[in-house]
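Novice: The structure that follows is given in the form of structure tokens.
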Amino acid sequence: MIMARISLKLLIMLVGTVPLMLTVYNWGHCDVNRQDDNFYRDGRGGTPVENNDFESSIRIQREAQSLKQTYEMDIPSATTKETDCLINGDYSVKCKKEGKDVYMPFSFIQRYFEVYGSMETTSDGYERFGFHHSYSDVHPLPERYSPDGVFMMFDSYNVEERGRVKCISAIEGVPVSTQWTSGGHYYPIQIAQFGLSHYSKYLTEHKPRIIVLEDGEGNDLSEWLLPDRISQIRTKTDRINEENNIVEFNTPENIKNPGVTLSVDEAKLVTLTLDVKFINNGSVTVLLRTGDGNLFRIHYILSDSLIYLEGRDLFYGLGSEKKNKWIHLSRKVMVDFQKGLSLKMTKNKRAKFKSVARIAAVCFRGHGFFDNVSLSSAAHLDNFFDAANYLVRRQDHRGGWPIMVTRKLVPEMLELSPGWYSAMGQGQAISLLVRAFLKTKDQKYLDTASKALKIFEIDSAHGGVLAKFAGKFDWYEEYPTTPSSFVLNGFIYSLMGLYDLKQTASGETAEHANRLYNAGMDSLRHMLLMFDSGSGTFYDLKHITLGIAPNRARWDYHTVHINQLLILSLIDKDPLFANTAKRWMEYMKGKRSPHN
Ligand SMILES: *[C@@H]1O[C@H](CO)[C@@H](O)[C@H](O)[C@H]1NC(C)=O
Ligand SMILES: *[C@@H]1O[C@H](CO)[C@@H](O)[C@H](O)[C@H]1NC(C)=O
């Protein structure tokens, strides 16, 4: 109660004296200890707590109203005096005294209690100091969960824009991660999250807007410019599908040749999709007009190089093996551009370039065919299937997607050498593959998901992901170290994958997934509250297995824990999940569990 009063007074005082006392917290640069990048705030960290339910918004308004009244009546007067505050007898902080109350600077409170606050202008136009116990918020979830539905709150994720995504490979169509290695690697968790986020966006967003630039159906190709007299362009009947026309182009293949070119001027519909087949070493180029009025070129070439930049020419390899095959290309052009710039430029300079870039032309060079050249606001299903097909292509003989970097959980104590599997990677891959199966009814997706189960039964010590807590409870490890780490969010993601598969498959696969799921849920019921610190959650149980300080989950991971429990409460009737989620949500507003 006393604390609450001090806090309120504190806010009141701050409204009057902010410039002097307050270090405004910079949301964008929140300097928290990142546990890993499997979860990332995706820009939502910039928004202070959103109140989505009506009740709480009314309450906040009332509180705001009474705060305003108190402010008007109770502003510290000239009788305020300076005083030193001695902190636990260790050091002192300059404070102010007014009657019986003492006002401490918020910059001190913020660091001492790990809380957040800044001046905020609310929708009523009134500026006030917003105090937040946590910097994260619980995203509203759908009311039911199903294996073909939105995956948790992944519709709010923008995986490809994350700083730790080097670029989207044009060879594989999936992100390349620079997490734990600057050279980049294919990280199955990131790839699955990329696919799941696009699938979820496909379900929740409006239909994308599309303009077809060329599909060869009209015979008029006069808008296409030819680079010279020998180059040619003409429509042709597609040999595979007689009803369909394609466009044949033939120009010099040298990258300096402009190729056949269609001018456009587009700043909004900047996802390029097309089908192309090269007979020789051809290429596709997108011309961008940047803020300084100059042109910038993005070339998609038949090469195994991932990405490189030469002046104002940016190259993405499509793979050297793709000649004489139809390639379905789907690129978020501005993401490609941005990732290219970040190879050489600082963030500020990049932002300036990007904000004013427009697509100015699309060009094809060499000899080949193209079809279905379009610009659109999004191509979520393409991205989704790129991820699903990658997982089908790249699954190894053990049914896994090995992670080819060293992972140091605790340097020199808990390290994983390249080639480890993650239960979270396996689980999220399964969730993605199940959705691909349900969307297409193509058995290959379900078969791949089914093969991914084997690794759940192999001990961490033998290259699998299975740990046992106290020799008894099965736990599928996000990081299968020895001793075990028992990371909570990764485990629950793996359970969601098992759930998706057991609900979707039949026969042996369903039984297998069901067995693994039930064993995992049993462990979770017994162990969940070990992660409850009374005021937040623990990220893992390393403190128990290694005898070190507990690893408190930062607020965005705490939020993931809550979201996961809310999903589990939809698929499992045990009140433990809903009750715990409720308590954990209260922790985000500063409530603590009772003490003795
Ligand atoms: C095709 O041309 C590109 C440059 O335009 C070059 O980097 C690549 O190595 C060539 N590929 C083949 C298969 O010759
Ligand atoms: C272009 O799109 C149409 C309609 O979806 C499809 O039938 C055709 O096969 C596509 N062309 C190529 C070359 O894939």
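The values are calculated or read from the model by the stated rules, or taken from the named source; none is laboratory data. Every value quoted in this text rests on a predicted model; they were computed, and no experiment measured them. Reconstructed Cβ throughout: ideal geometry from the backbone, glycine too, with neighbour counts over all protein chains shown. Just the protein is used for accessible areas: all its heavy atoms, side chains included, with ligands, DNA and RNA removed. Shrake-Rupley method; radii C 1.70, N 1.55, O 1.52, S 1.80 Å.
Novice: Out of (1) modelled with pLDDT of 95 or more; (2) surrounded by fewer than 19 Cβ atoms within 10 Å (Cβ to Cβ), what's the single condition that is false for Arg331?
Specialist: The one condition Arg331 does not meet is (2).
Novice: Taking only pairs six or more apart or across chains, which ones have beta-carbon atoms under 7 Å, a first residue in the range 300-315 that is touching a residue at least 60 places away in the same chain (Cβ under 8 Å) and of a type in the set (Ser, Thr, Tyr), and a second residue that is part of a strand (DSSP E or B) and within 16 Å of ligand 2 (Cβ to nearest atom)?
Specialist: Here the result reads Tyr300/Val284; Tyr300/Leu329, each pair linking the range 300-315 to a residue that is part of a strand (DSSP E or B) and within 16 Å of ligand 2 (Cβ to nearest atom).
Novice: Condition check: assigned by TED's automatic domain parsing to the domain that holds Ser231, outside any strand (DSSP E or B) and more than 24 Å from the chain's Cα centre (by Cα). Does Asn348 satisfy that?
Specialist: So Asn348 fails the test.
Novice: Determine which single condition Val276 fails, assuming it passes every other condition in (1) outside any loop (DSSP other than H, G, I, E, B); (2) more than 16 Å from ligand 2 (Cβ to nearest atom); (3) within 30 Å of Lys207 (Cβ to Cβ); (4) of a type in the set (A, V, I, L, M, F, W, C).
Specialist: Condition not satisfied by Val276: (2).
Novice: Working only within the range 84-99, note down all residues that are outside any strand (DSSP E or B) and either open to solvent by less than 70 Å² (accessible area, probe 1.4 Å) or in contact with a Leu (Cβ under 7 Å, 6 or more places away or on another chain) (or both).
Specialist: Result: Gly89, Gly99.
Novice: May I pose another question? Just checking, does the range 575-592 include any residue being modelled with pLDDT under 95 and assigned by TED's automatic domain parsing to the domain that holds Leu414?
Specialist: Checking the range 575-592: not a single residue is modelled with pLDDT under 95 and assigned by TED's automatic domain parsing to the domain that holds Leu414.
Here is a yes/no grid of residues against (1) part of a loop (DSSP other than H, G, I, E, B); (2) in the same structural domain as Thr271 (by TED's automatic domain parsing):
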| site | (1), (2) |
| --- | --- |
| Ala360 | no, yes |
| Val405 | yes, no |
| Glu415 | no, no |
| Val434 | no, no |
| Lys444 | no, no |
| Thr448 | no, no |
| Phe456 | no, no |
| Ala467 | no, no |
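Novice: What's the number of the only condition in (1) modelled with pLDDT of 95 or more; (2) away from ligand 2 (no atom under 16 Å from the Cβ); (3) not in a strand (DSSP E or B) that Asp382 fails to meet?
Specialist: Just one mismatch for Asp382, condition (2).
Novice: Here's something else I'd like to know. Do you know which residues across the range 241-260 are more than 14 Å from ligand 2 (Cβ to nearest atom), over 39 Å from the mean Cα position of the chain (by Cα) and open to solvent by 40 Å² or more (accessible area, probe 1.4 Å)?
Specialist: Asn250, Pro252
Novice: Among (1) surrounded by fewer than 18 Cβ atoms within 10 Å (Cβ to Cβ); (2) in a loop (DSSP other than H, G, I, E, B); (3) more than 16 Å from ligand 2 (Cβ to nearest atom), where does Gln179 come up short?
Specialist: (1)
Novice: Right, here's the next one. Can you pull out the residues in the range 147-161 that are open to solvent by less than 10 Å² (accessible area, probe 1.4 Å) and out of contact with any strand residue (DSSP E or B) (no Cβ under 8 Å at 6 or more places or on another chain)?
Specialist: Phe151, Met152, Met153, Phe154, Tyr157
Novice: Another question, if that's okay. Looking at the range 445-480, which of the residues that are of a type in the set (A, V, I, L, M) and closer than 16 Å to Lys542 by Cβ is least open to solvent (accessible area, probe 1.4 Å)?
Specialist: Per the stated criteria, the residue is Ala467.
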